[in-house]
Amino acid sequence: QVQLVESGGGLVQAGGSLRLSCAASGLTFSNYHMGWFRQAPGKEREFVGYISRSGGTTYYADSVKGRFTISRDNANNAVYLQMITLKSEDTAVYYCAANLYGVTTRSAAYGYWGQGTQVTVSS
């Protein structure tokens, strides 16, 4: 049974930082490209960034480029989202997702999803 479990969310002031973690189990983690998505209240889920299975390629949405960094630890089946200079518009539930077939920004391509972790940025 595949499980993706996000952690590290919380309440932070604007300008602050958070590091989200996603622990994976039940899959050969190093075979999967990993993505981060978010969904704010009343909005559709949106792409944040992805990292290739080797960690050699990352890509970010324009809205977070330069502020967010994705990394992974294949030995420990984990992927991370480091967020700095947080803004109120970053407030959302953040999800990690796994994709076996190729790096993509399309959420429909990701077969496995975590339950999400809430990030709230106060201004």
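The values are calculated or read from the model by the stated rules, or taken from the named source; none is laboratory data. Keep in mind that this is a model prediction, so the values were computed, not measured. Ideal geometry is used to build each Cβ from the backbone, glycine not excepted, and the neighbour counts take in all protein chains shown. Just the protein is used for accessible areas: all its heavy atoms, side chains included, with ligands, DNA and RNA removed. Shrake-Rupley method; radii C 1.70, N 1.55, O 1.52, S 1.80 Å.
Quick notes
- Working ranking of peptides 27-36, 97-106 by packing, defined as the average number of other Cβ atoms within 10 Å per residue, highest first, is 27-36, 97-106.
- The chain - accessible surface per residue (Å², probe 1.4 Å): 49
- Probe 1.4 Å, all protein chains present, accessible-area order of D90, D62, largest first: D62, D90
- Surface/4 of the Cα convex hull for the chain, nm²: 6.8
- For the range 39-49, 3J(HN,Hα) per residue [Karplus equation, 6.51 cos²θ - 1.76 cosθ + 1.60, θ = phi - 60°, Hz, x = Gly/Pro]: 9, 8, x, x, 10, 6, 5, 10, 6, 10, x
- The chain - percent of accessible surface contributed by carbon and sulfur, probe 1.4 Å: 46
- Placing a label point 7 Å from the Cα of Q118 along the Cα-to-Cβ direction, the residues of the range 82-111 whose backbone N falls under 11 Å of that point are 92-93.
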